[in-house]
Amino acid sequence: MKIELSIELDIPDIEDWSDEEIRQNIFDNYINYATVSHLEDAMKWCAKSGSKESVDFQNETLIFKHHELWGDICRNAKWTLEKVE
């Protein structure tokens, strides 16, 4: 299933930034951050579910799969940026 998500962000006015610098900043601090965070959490929970100290293998595996799924969703997202003056 595909969805189109529209999010309006209110970022500080930075007069001397080019459109490309704004775009890169949004990518780094929003899109890429969510992707990397989910993939890091997936690795953490995957390692935890396979360890000897695993407390609840089934739930740890579910959490791993959740973060892996959302990491992939974020990584494969197509996104655009439109400045609203």
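Points worth noting:
- Any pair with Cβ under 7 angstrom, 6 or more apart, that starts in region 65-85 at a residue that is closer than 16 Å to K2 by Cα and ends at one that is loosely packed, with under 12 Cβ neighbours inside 10 Å and among the charged types (D, E, K, R): none
- Near pairs, Cβ below 7 angstrom, 6+ apart or cross-chain, from region 27-46 (surrounded by 14 or more Cβ atoms within 10 Å (Cβ to Cβ)) to any residue that is in a helix (DSSP H, G or I) and acidic (D, E): A42/E68; W45/E60
- Flag if E8 is exposed (fewer than 12 other Cβ atoms within 10 Å of the Cβ), of a type outside the set (G, A, S) and touching a residue at least 12 places away in the same chain (Cβ under 8 Å): yes
- Residue match in region 53-61 (condition: surrounded by 12 or more Cβ atoms within 10 Å (Cβ to Cβ), at pLDDT below 85 and not hydrophobic (A, V, I, L, M, F, W, C)): yes
The values are calculated or read from the model by the stated rules, or taken from the named source; none is laboratory data. Computed from a prediction, not measured in an experiment: that's the story for all the values here. With ideal geometry, Cβ positions are generated from the backbone for all residues, glycine too; neighbour counts draw on all protein chains shown.
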